[in-house]
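**Student:** Okay, handing you the structure first.
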Amino acid sequence: MHISMNGSVPSKRKLKHLIECLIWALDLGGKIMLEGKALIEDTDMPVKMQIQAMTSASEALDLYDVIDCKSIAAHIKKEFDTRYGSGWQCVVGSSFGCFFTHSKGTFIYFALESLKFLIFKGGSSPF
């Protein structure tokens, strides 16, 4: 899914507001949408953990510039390691490819404005 911003960089305040809308924006299909601007594209996380992922993303966007994807990812990873035990991985960016194995119930991939967020806890290899 591609999310267009009409060439502008969203403000931290705007991104935070969109994430704060999360609570009332749960749709019946179990996907989380924020006024059509953000979407959980795939997940096997419990809803409570999904909300924590979005909250952690919001906090990171308050602390770092939108273009500082490495610091945003590090903030989210540290938050998940603290809350749910070590071993979490986080990738943030506008375009990336990946291949990984994750522990059941620990995966989320969502888009918000120009950024994609991938959070998961590593699992053992099936090979």
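The values are calculated or read from the model by the stated rules, or taken from the named source; none is laboratory data. All figures in this text were calculated on a predicted structure; none of them were measured in a lab. So basically every Cβ, Gly included, is an ideal-geometry build from the backbone, and we count neighbours across all protein chains shown.
**Student:** Which residues, counting only those in the stretch 103-127, are modelled with pLDDT of 90 or more, touching a Lys or Arg at 6+ places or on another chain (Cβ under 9 Å) and either among the acidic types (Asp, Glu) or crowded, with 17+ Cβ neighbours inside 10 Å (or both)? Can you show your working first?
**Tutor:** From the stretch 103-127, those modelled with pLDDT of 90 or more are 103-110, 115-121; that's our starting set.
Imposing the further condition that a residue be touching a Lys or Arg at 6+ places or on another chain (Cβ under 9 Å) reduces the set to 103, 105-107, 109-110, 119.
Passing the criteria: Thr106, Phe107, Tyr109, Phe110, Ile119.
**Student:** Now for a separate question. When the stretch 61-105 is examined, which residues are found to be touching a Leu at 6+ places or on another chain (Cβ under 8 Å) and of a type in the set (Ser, Thr, Tyr)?
**Tutor:** Result: Ser71, Ser94.
**Student:** To continue, here is another question. Any chance you could count how many residues in the stretch 75-100 are closer than 14 Å to Leu118 by Cβ and either outside any helix (DSSP H, G or I) or not charged (D, E, K, R) (or both)? Working first, answer last.
**Tutor:** Of all residues in the stretch 75-100, those closer than 14 Å to Leu118 by Cβ come to 76-77, 80, 88-100.
Restricting the remaining residues to those that are either outside any helix (DSSP H, G or I) or not charged (D, E, K, R) (or both) gives 76, 80, 88-100.
Summing the residues that are closer than 14 Å to Leu118 by Cβ and either outside any helix (DSSP H, G or I) or not charged (D, E, K, R) (or both) in the stretch 75-100 gives 15.
**Student:** Every residue in the stretch 72-102 that is exposed (fewer than 14 other Cβ atoms within 10 Å of the Cβ), over 23 Å from Lys48 (Cβ atoms) and among the hydroxyl-bearing types (Ser, Thr, Tyr), please.
**Tutor:** Selection gives Ser95, Thr101.
**Student:** Now for a separate question. Could we say that Lys31 is within 21 Å of Phe120 (Cα to Cα), modelled with pLDDT under 55 and not polar (S, T, N, Q) here?
**Tutor:** Details: within 21 Å of Phe120 (Cα to Cα): yes; modelled with pLDDT under 55: yes; not polar (S, T, N, Q): yes.
In short, yes.
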